[in-house]
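Chemist: Here it is: the structure, laid out below.
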Amino acid sequence: MNNSNNYQYAQSIISSLEKEKILILGLAKEGISTFNFLRQIFPDKTIGLADAETTLSSELEQAQNITTHLGSDHLDHLEEYSLIFKTPGIPQNLPQIQQAVRNGVKLSSNLQLFL
């Protein structure tokens, strides 16, 4: 792929993400990395963050334009989003994830974002 094609490909990804209501499911290293990448591209976009932990890491405490779903009910809000970036530590076969996918929520990962 030449530079022009790379640029067009990147622009098409950015354009498609711009339209999505995004949730990052899992806030360890990969989730934080995904958030930081998306925040650079979309500084004003509200991004959902979900994790079983009840508090945000120090890296995310000061984040702006976020909606948090923390603690035991963090999976109860999946269908409020159109695209979920799921980190590898969260099993894809959880009933709440399967139900969200059946209802049209797209499931992706940090790795898929860059392939």
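Chemist: Defining a contact as two alpha carbons under 8 Å apart and six or more residues distant in sequence, what relative contact order in percent does the chain show? Walk me through the numbers on the way to the answer.
Modeler: Values: 147 pairs, mean separation 31.2, N = 115.
This gives 27 percent for the chain.
Chemist: Around ILE22, under 12 Å between beta carbons, what's the net of Lys plus Arg minus Asp minus Glu among the other residues?
Modeler: Working: positive: LYS19, LYS21, ARG39, LYS45, LYS86, LYS106; negative: GLU18, GLU20, GLU80.
So the environment of ILE22 carries a net charge of +3.
Chemist: Separate question: Compute the length gained on full extension between SER72 and THR54: take 0.36 nm times their separation in residues and subtract their Cα-Cα distance, giving the result in nm to one decimal.
Modeler: So the chain would gain 5.7 nm between SER72 and THR54.
Chemist: Now a separate question. Identify all lysines with a Cα-Cα distance to LYS21 below 19 Å; exclude those on the same chain that are fewer than 8 residues away in sequence.
Modeler: Those lysines meeting the cut-off are LYS45, LYS86, LYS106.
Chemist: Working from Cα positions, state the angle (0 to 90°, nearest 10) between the long axis of helix 29-41 and the longest principal axis of the chain.
Modeler: 50 degrees
Chemist: Please state the charge dipole magnitude for the chain, taken about the Cα centre, from unit charges on C-beta atoms (+1 on K and R, -1 on D and E), reported in debye and rounded to the nearest 20. Write down the numbers at each step before the final one.
Modeler: Numbers: 8 positive and 12 negative charges, 86 e Å.
Dipole size: approximately 420 debye.
Chemist: On the Cα set of the chain, report Rg and Dmax in Å, please.
Modeler: Values for the chain (Cα only, Rg and Dmax): 14.2, 47 Å.
Every number here is computed from the coordinates shown, using simple stated rules; none is lab data. Here the structure is a predicted model, which is why all the values come from computation and not from measurement. With ideal geometry, Cβ positions are generated from the backbone for all residues, glycine too; neighbour counts draw on all protein chains shown.
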